[in-house]
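J.: Before I ask anything, let me first share the structure, which is written out below as structure tokens.
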Amino acid sequence: MAIKELDKLYQPTEVENRWYSVWEEQNIFTPNDSKDETFTLMIPPPNVTGILTMGHVLNNTIQDVLVRRARMQGKSTLWLPGTDHASIATEAKVTRQLKEQGKNKRDIGREEFLNHAWQWKDKYGGIIIQQLKKLGASCDWSREKFTMDEKYSRAVLEIFVRLYNDGLIYRGERIINWDPQGQTALSDEEVIYKETQGHLWYFRYPVKDSETHLVVATTRPETMLGDTGVAVNPKDDRYSDLVGKTVILPIANREIPIFADDYVDMEFGTGCVKVTPAHDPNDFDMGQRHDLEIINIMHPDAVLNDRAPKGYNGLDRYEARKKVVEELEGMGLVEKIEDYVHSVGHSERTDAVIEPYLSKQWFVKMESLAADALKVVTEGKIKFYPQRWVKTYNHWLENIKDWCISRQLWWGHRIPVWYCCGNDEGQCQLDCKEPIVSIEPPDSCPTCGSKDLFQDPDVLDTWFSSWLWPFATLGWPDDTKDLKRFYPTQDLVTGPDIIFFWVARMIMAGLYVNKEIPFSNVYFTGIIRDEKGRKMSKSLGNSPDPLDLFEKYGADAVRVSVLLIAPQGLDILFSEERLEQGRNFMNKLWNSARFVLMNLPDGLPPELNSFDADKLDDSDRWILSKLNRVMGEVDHAYTEYKLNEAIKKVYDFTWGDFCDWYIEFAKTRFYGSDDADYQAAQIVSVHVIREILKLLHPYCPFITEELWNSFKRDEEPLLISVAWPVADIQQINEKTERDIQLLMEIITAVRNMRSSLNVSPGKVANLIVRGDSELCASMNRQADYLRRLAKLDSIEMGTHKEKPDQSSTAVVQGLELFLPLEGLIDISTEIGRLEKQITDMEGRLNAVSRKLDNENFVNRAPENVVTHERKKQEGYQSDLHKLRQNLEALQI
């Protein structure tokens, strides 16, 4: 039965929409319960506020490639999708939306605010999920999770209670990273440090009952209003006689002690350090060691409070800074001011400058959790790709600090802690100081029976929920059916920027809860940057909308293009022009498939394994050998998570070996008169293109499924469910590969000679080959292909053949090729044309050489201009050499 002819042009949009619907309707993305071996991958949950970026395209294409291949390998695959509630980002968006409506978050209260937040989530949240479908992501959407789903939220509360009962969660007053704009605590990992041009102010603090001063240096003058001591190093002889005395703090006019502490660096500044325990973590530690008073001079919005001296209350921190400097200058207590470049912490979400702030917060003790997570990576139970990230991971875990998990927000998992008597200080008449930690809201205080209970107002850090992602999404702690089947997972694909936020903490949580690693392999993607090396961002306007790219090039073309330029773990320099490579490849694949189908007038031929192998010719054996070699190389690349190498292998084989060469060989047989040869070409062409479609499917699922529909046999399933191809090493034939490689090189050389000498394409030439007898014998067996593909008539080969006069020459693998030109071209006309071209090229070369010989030009012109001129020079030299060779061949 004849096969329906493919359209002349590939139309990706129609194909992509149609096949994704088919896959979903047939529930192909859900795990196959009949399969024993499982493969599980958890999507890094994008923020519910998010939209698809090129970073998501890279990350999720890699995941889809791994999942689709595992599915074809016969595994029960689960790629579990979902979104993260993103406390800070979502609360900021909802707050901004309310402000536009003339409403204030504090005025409407917590309950109404949360109603607005859920309404916002239902309306706008999850847009990215629909966009991921456009990419082709084969997730099991029936299992989609949200980190504030009821069951997931219960898991978050469960882990909090367990950790608290195990003594791993505590509440304490510590210096934390405070975002005065978002008015919430941040973990160290949520602080982005930026180099900032600032100043280092040197202030004189008068020593009491003395004419001397101590000079201290600071980058934050406003904090001096909260100073409660001055520290020097105990080994610093300059100040040993002052230890134990006091200084009078200017402006505040408060007496504060001079003390010795090993923390002080004698070489920095003057060797004297002003100590503000409420506004610096190191100062806080010194304050604890020396029992200093703690004076917090700021409100949560970084406006100075009533503990600051008169005249400062109500000033913003930067206004206070300016006033402090002016006042001290007026008092003659400014020693000097230096320009100073330093790293200043900014909130990852709001970009506000972080304020080290003394606050009562909830923390997770990290030391024991980190030790276990460090061990499994060090022992190789969890492997990182690229491996260099192990060093970064180890360094962080070896220097880890306790994790601040409370956030002063409303959107998120509220901390499951209640305090007796309606406050968080435990000021109950029966002294109920211990908080009540419970998954379910308690009815009364277990100590005194009071029903006057107050729940902690804070919510948990978003990462405190997402560190449970690999197992909370599978039903833990209540429903463990999926957990038993799909946990631990196999692979994780993520960015290195969240190695601390998420990867390390998931490992900790998995080991703590399940006593198992959550995954075996972690693939860290690179960062997609623009051509100038800048990270893509909306603010820079250098980040294209992937949906626009899908519309213009097709999702398959975008997927393939991005992975072709994405070496394992390295940053990617992206430009839209690079998507042309993927689109061109899709068109090449489509046209080759279309050509093969046009030569199957009676439908699909028999399968290769039913055909007599003796009837195959060398080009058949060559393409089958190359195919099986590539299959093995692709599988090896997958084992090393070098997915760009895997697609490059298939790309090169498909474009170069199959489309450019085998199809050319097959054409001569399709148009020939030998029926057996015709059928052999059909069988091999169909077999190879079917295997190509299987190898390519994980990368470009839509076009391959569409083409498979034309090449599949009636009883076969969709390509997404077909078995992954396995290399047959018996079909790898190195001698045949060498012979056909030589044939291709000779054909190419002859074509190049004809082209360079302007030989008319319709004219048939003769060829004389001189060289090794074995190579000549090999090429004699391929004489038919040589004649047809190089447009040759007679071919003479031997070890002692004479070079004819007026012939063009080339050398291939030691064989000398002679192409007699008499009768092919008008030699005198061609000589005149070449001489004219040589004169023109010499003029161009002389002009650019004079420019490059000019030292003023080379030294003063921009580097890219000089480089361009050098490339022109090299090109002219190469072209001139070829023209002279061609002229010489004609003049002999």
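The values are calculated or read from the model by the stated rules, or taken from the named source; none is laboratory data. The structure displayed is predicted, hence computed values, not measured ones. All Cβ positions, even for glycine, are placed from backbone atoms using ideal geometry, and neighbour counts span all protein chains on display. Areas reflect the complete protein model, heavy atoms only, side chains present, ligands, DNA and RNA absent. Shrake-Rupley method; radii C 1.70, N 1.55, O 1.52, S 1.80 Å.
J.: Suppose all protein chains stay in the model; what accessible area per residue would a 1.4 Å probe give for the stretch 220-330, in Å²? Show your work: numbers first, answer last.
T.: Numbers: 5110 Å² over 111 residues.
With the other protein chains kept in place, the stretch 220-330 gives 46 Å² per residue.
J.: Let me ask something else about it. For the stretch 31-45, just list the computed ³J(HN,Hα) in residue order, Karplus coefficients 6.51, -1.76 and 1.60, θ = phi - 60°, integers in Hz, with x standing in for Gly and Pro.
T.: Values, residue by residue: x, 8, 5, 7, 8, 7, 7, 10, 9, 10, 9, 9, 5, x, x Hz.
J.: What percent of all Cα-Cα pairs in the chain falls in each 20 Å bin, counting up from 0?
T.: Here the calculated profile for the chain is 11, 32, 29, 18, 9, 1.
J.: Can you compute the modelled spin-label distance between Leu718 and Asp107, with each label point 7 Å from Cα toward Cβ, in nm?
T.: Using points 7 Å along Cα→Cβ, the separation is 5.3 nm.
J.: Within a Cβ distance under 15 Å of Pro567, other residues only, what is the Lys/Arg minus Asp/Glu net charge?
T.: Details: positive: Arg388, Arg529, Arg578, Lys642, Lys648, Lys649; negative: Asp571, Glu640, Glu645.
Residues close to Pro567 contribute a combined charge of +3.
J.: Considering amide H positions built from the backbone, and no H for Pro or chain starts, which residues 5 or more places from Ile354, or on another chain, come under 5 Å of its amide H?
T.: Here Gly345, His346, Ser347 satisfy the definition.
J.: From the phi angles alone, apply the Karplus equation (6.51, -1.76, 1.60; θ = phi - 60°) to the stretch 146-152 and give each ³J(HN,Hα) in whole Hz, x where the residue is Gly or Pro.
T.: Those phi angles translate into 10, 5, 10, 4, 4, 5, 5 Hz.
J.: Would you mind checking Lys103/Lys360; Lys588/Lys648; Lys803/Lys882; Lys588/Lys882; Lys121/Lys484 for any pair whose Cα atoms are more than 22 angstrom apart? Don't skip to the end; give the middle numbers.
T.: Numbers: Lys103/Lys360 29 Å; Lys588/Lys648 15 Å; Lys803/Lys882 19 Å; Lys588/Lys882 31 Å; Lys121/Lys484 31 Å.
Check vs 22 Å cut-off fails for Lys103/Lys360; Lys588/Lys882; Lys121/Lys484.
J.: Which cross-chain or sequence-distant (5 or more) residues have an amide H under 5 Å from the amide H of Gln455, H modelled 1.01 Å from N in plane?
T.: So Gln455 has HN proximity to Tyr419.
J.: For Ile572, enumerate residues with amide H under 5 Å from its amide H, sequence gap 5+ or separate chain, H modeled in the peptide plane.
T.: Ile527, Ile528, Arg529
J.: Taking a spot 7 Å from the Cα of Asp209 along the direction of its beta carbon, which residues of the stretch 250-274 have an amide N less than 15 Å from it?
T.: 255-258
J.: Summing +1 for each Lys or Arg and -1 for each Asp or Glu, what net charge is found among the other residues whose Cβ lies under 12 Å from the Cβ of Asp179? Working shown, then result.
T.: Details: positive: Arg349, Arg407; negative: Glu91, Glu190, Asp301, Glu348, Asp351, Glu355.
After counting each charged neighbour, the total is -4.
J.: Rank by packing, highest mean first: peptides 150-163, 693-706, with packing defined as the count of other Cβ atoms within 10 Å averaged across residues.
T.: Details: 150-163: 18.4, 693-706: 25.4.
Peptide ranking by packing, descending: 693-706, 150-163.
J.: Percent relative contact order of the stretch 178-218, based on C-alpha pairs within less than 8 angstrom and at least six residues apart? Provide the component values of the computation, followed by the final result.
T.: Working: 29 pairs, mean separation 10.8, N = 41.
For the stretch 178-218, the relative contact order is 26 percent.
J.: Now, a different point. Please give the Cα centre distance for the stretch 832-892 versus the stretch 327-373, rounded to the nearest Å.
T.: What the calculation gives is 61 Å, centre to centre.
J.: Just grab the label-to-label distance for Glu822 and Leu9, each label 7 Å out from Cα along the Cβ direction, in nm (one decimal).
T.: Placing both labels 7 Å along Cα→Cβ, they lie 5.2 nm apart.
J.: Now, a different point. Using the alpha-carbon centroid of each, what span in Å lies between the stretch 395-409 and the stretch 729-803?
T.: 69
J.: Using R₀ = 22 Å, calculate the FRET efficiency as 1/(1 + (r/R₀)^6) where r is the Cβ-Cβ separation of Asp306 and Arg171; round to 0.05.
T.: Numbers: r = 26 Å, r/R0 = 1.18.
With a Förster radius of 22 Å, E is 0.25.
J.: Same structure, new question: For the stretch 135-293, how many pairs of lysine residues have a Cα-Cα distance under 20 Å, where the two are 8 or more positions apart or belong to different chains? Numbers along the way, then the final one.
T.: On the way: Lys208/Lys245; Lys208/Lys274; Lys235/Lys245; Lys235/Lys274; Lys245/Lys274.
Final tally of qualifying lysine pairs is 5.
J.: Here's something else I'd like to know. Quick check on the chain: helices-only [θ] at 222 nm, where DSSP H runs of length 4 and up contribute -39,500 (n - 2.57) each and the sum goes over total residues. Nearest 500, please.
T.: -13500 deg cm²/dmol
J.: Using alpha carbons only, how many angstrom separate the centre of the stretch 96-134 from the centre of the stretch 452-505?
T.: Here the two parts' Cα centres lie 23 Å apart.
J.: How long is the gain from Ser537 to Asp372 if the chain were fully straight, where each residue apart is worth 0.36 nm and the alpha carbon distance is subtracted? Intermediate values should be presented prior to the final figure.
T.: Details: separation 165, 0.36 × 165 = 59.40 nm, distance 3.66 nm.
Taking Ser537 through Asp372 to full extension adds about 55.7 nm, to one decimal.
J.: Can you spot the lysines whose alpha carbon is less than 25 Å from Lys365's alpha carbon? Ignore those fewer than 8 places along the same chain.
T.: Straight-distance partners of Lys365: Lys375, Lys381, Lys391, Lys401, Lys433, Lys515.
J.: While we're looking at this one, here's another question. In nm, to one decimal, how far is the Lys803 label point from the Glu580 one, both placed 7 Å along Cα→Cβ?
T.: For Lys803 paired with Glu580, the spin-label model returns 3.9 nm.
J.: Quote the FRET efficiency, to the nearest 0.05, computed for Glu835 versus Ser760 with a Förster distance R0 of 22 Å and r equal to the Cβ-Cβ distance. Numbers along the way, then the final one.
T.: Values: r = 21 Å, r/R0 = 0.95.
In this case the efficiency is close to 0.60.
J.: So, by mean Cβ neighbours within 10 angstrom, what's the order for 176-182, 322-328 with the highest one leading? Before the final figure, lay out the partial values.
T.: Working: 176-182: 21.7, 322-328: 17.3.
Those peptides, ordered most packed to least, come out 176-182, 322-328.
J.: Okay, next question. Which of the peptides 440-451, 800-811, 238-249 is most tightly packed, and how do the rest follow, going by the mean number of other Cβ atoms within 10 Å of each residue? Please list the in-between numbers first.
T.: On the way: 440-451: 12.7, 800-811: 14.3, 238-249: 16.7.
Put in order of decreasing packing, that is 238-249, 800-811, 440-451.
J.: Between His342 and Ile498, how high is the FRET efficiency from 1/(1 + (r/R0)^6) when r is the Cβ-Cβ distance and R₀ = 25 Å? Nearest 0.05. List each step's numbers first, then the result.
T.: Values: r = 26 Å, r/R0 = 1.04.
Efficiency computed from Cβ-Cβ geometry: 0.45.
J.: Just subtract the alpha-carbon distance of Lys381 and Arg162 from 0.36 nm times their residue separation and send over the number in nm, one decimal. Each step should come with its number before you reach the end.
T.: On the way: separation 219, 0.36 × 219 = 78.84 nm, distance 2.58 nm.
Extending this stretch completely gives an extra 76.3 nm.
J.: Let me ask something else about it. So between Lys851 and Asp262, what do we pick up on full extension, going 0.36 nm a residue minus the alpha carbon distance? Mind dumping the intermediate values first?
T.: On the way: separation 589, 0.36 × 589 = 212.04 nm, distance 6.46 nm.
Extra length from Lys851 to Asp262 when fully extended: 205.6 nm.
J.: Over the chain, what is the mean sequence separation of C-alpha contacts under 8 Å (at least six apart), divided by residue count, expressed as relative contact order in percent?
T.: Details: 1503 pairs, mean separation 110.8, N = 892.
RCO, the chain: 12 percent.
J.: With θ set to phi - 60° and the Karplus curve 6.51 cos²θ - 1.76 cosθ + 1.60, what are the ³J(HN,Hα) couplings of the stretch 615-623 in order, to the nearest whole Hz, using x for Gly and Pro?
T.: Once θ is set to phi - 60°, the couplings for the stretch 615-623 become 8, 7, 9, 5, 5, 5, 4, 5, 5 Hz.
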